[in-house]
Structure formats: C-alpha cells, structure tokens
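Below is one structure, written out as structure tokens, with a few remarks after it.
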Amino acid sequence: MERVSNSAQQNAPATQGCTDAQGKLPSCAPLANPYVPYQSERPDAYNPAKGIVRGTMYPGLDLPFMGMVNQSELSNTLMHQIQSLSFATTELGLYLDTHADDDEALDLFNRYRELYGELMAEYEAKRGPLTMQQAGANGSYDWVNDPWPWEYKANDKEG
C-alpha cells in the first residue's frame with residue numbers, strides 16, 4: 001500500500017497531519033452522523049418463515065442491501081421451522097425491549113416461544129439433542145453422537 005506523502009497531506013487540509021500508522025481510527029477523522037429510525041408502535045410483522053429470509057420480522061425495517069431482495073423461503077422441514085421460530089422470538093424480544101406494553105407482540109412472542117419448545121422436543125425425540133444445553137438432559141453427555149443435525153442424509157434428509 002502506498003503511503004501519502006507529507007505534501008499530499010498538506011493539500012488535504014481536513015486530514016492534515018492525520019495518520020493511521022497504529023491501525024486505529026485517527027483522532028482527526030471526521031465524525032459520522034448515523035440515523036436509526038425508531039420503530040413505530042404495533043408494526044405489521046412477517047411470518048417467521050418470511051422474516052428469517054428477509055433478515056427482519058418487520059416490513060418497516062426491511063431495507064434490502066443495494067435493492068437486492070431475497071424472495072425465497074426456507075423449505076418446510078422441522079429444522080427450518082425451528083430456525084424460523086428462533087429468529088422470530090429473538091426479533092420479537094428485541095422489539096419488546098423498547099415496546100414492553102405491546103400486548104399483541106407479547107402474545108405473539110409467547111405463541112412462537114411455546115411452538116419453538118414443542119418443535120425442539122419433537123426434533124430431539126427423533127434425532128437427539130440439537131443444542132449443547134440439552135445434551136446432558138438425559139443423564140449423560142451425548143452431544144457429539146452422530147449424526148450431526150446438518151448431516152441431512154444421515155437424518156433422513158429432514159434437516
């Protein structure tokens with residue numbers, strides 16, 4: 001990488017004497033002014049399967065990078081249902097952090113949380129523990145027993 005000469009730095013008064021030799025943001029770097037919109041009360045929400053591929057549960061926060069939109073949804077396997085519900089409860093939980101009085105969001109959070117627990121129990125009954133936290137629940141630590149959850153062929157292609 002080519003270093004900027006002192007004379008070139010003198011031609012740029014805003015960064016005069018500004019170096020990055022320590023690998024840190026220089027103290028003379030210009031400030032940025034970020035804008036983060038405040039989420040409205042009781043916003044519309046995507047279903048979990050759409051929310052996970054869009055990266056948000058809320059259409060109002062769905063701002064595709066460079067206009068690229070992911071329209072496809074995950075397959076309807078048990079694993080993808082679990083992933084979608086995990087994402088949805090996390091998103092709703094973050095919303096509830098700032099909107100704790102939204103009863104509709106709380107009800108939806110609790111419905112998704114309960115369904116998530118049911119699907120996790122169903123998955124673990126069929127294939128064993130999905131998380132390390134559940135690995136010791138039956139009295140022995142069986143987290144590393146094969147097959148791993150992502151080994152679709154060994155899991156009847158139902159990943």
Exposed (fewer than 12 other Cβ atoms within 10 Å of the Cβ) and among the hydrophobic types (A, V, I, L, M, F, W, C), is that true of Ala100? yes
Given the conditions (1) among the basic types (Lys, Arg); (2) assigned to a loop (DSSP other than H, G, I, E, B); (3) within 16 Å of the chain's Cα centre (by Cα), every one holds for Arg42 apart from (3)
Practice task
Kindly establish whether Met1 is more than 19 Å from the chain's Cα centre (by Cα) and either outside any helix (DSSP H, G or I) or modelled with pLDDT under 70 (or both).
Solution key: yes
Considering region 48-94, residues that are touching a residue at least 40 places away in the same chain (Cβ under 8 Å) and of a type in the set (Gly, Ala, Ser), and then whichever is surrounded by the fewest Cβ atoms within 10 Å (Cβ to Cβ), we arrive at Gly51
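Please go through region 122-142 and give me each residue that is of a type outside the set (S, T, N, Q) and surrounded by 12 or more Cβ atoms within 10 Å (Cβ to Cβ), ordered by number. Working first, answer last.
Step one: of region 122-142, the residues of a type outside the set (S, T, N, Q) are 122-130, 132, 135-137, 139, 141-142.
Passing the criteria: Glu122, Tyr123, Glu124, Arg127, Gly128, Pro129, Leu130, Ala135, Gly136, Ala137, Tyr141, Asp142.
Going through Pro30, Pro129 one at a time, which residue ends up being in a loop (DSSP other than H, G, I, E, B), under 30 Å from Tyr141 (Cα atoms) and not β-branched (Val, Ile, Thr)? Break it down stepwise before answering.
Working: Pro30 fails: under 30 Å from Tyr141 (Cα atoms).
None of the other options fit; the residue is Pro129.
Taking region 87-102, which residues are among the aliphatic types (A, V, I, L, M) and in a helix (DSSP H, G or I)? If you could, list the steps in order and put the result at the bottom.
Going through region 87-102, the residues among the aliphatic types (A, V, I, L, M) turn out to be 88, 92, 94, 96, 100.
Residues satisfying the conditions are Ala88, Leu92, Leu94, Leu96.
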Those residues of region 41-82 that are out of contact with any Asp or Glu (no Cβ under 7 Å at 6 or more places or on another chain) and basic (Lys, Arg) come to a total of 0
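The values are calculated or read from the model by the stated rules, or taken from the named source; none is laboratory data. Because the structure is predicted, anything quoted here is derived from the model rather than measured. Positions of Cβ are backbone-derived with ideal geometry, glycine not excepted, and every protein chain shown enters the neighbour counts.
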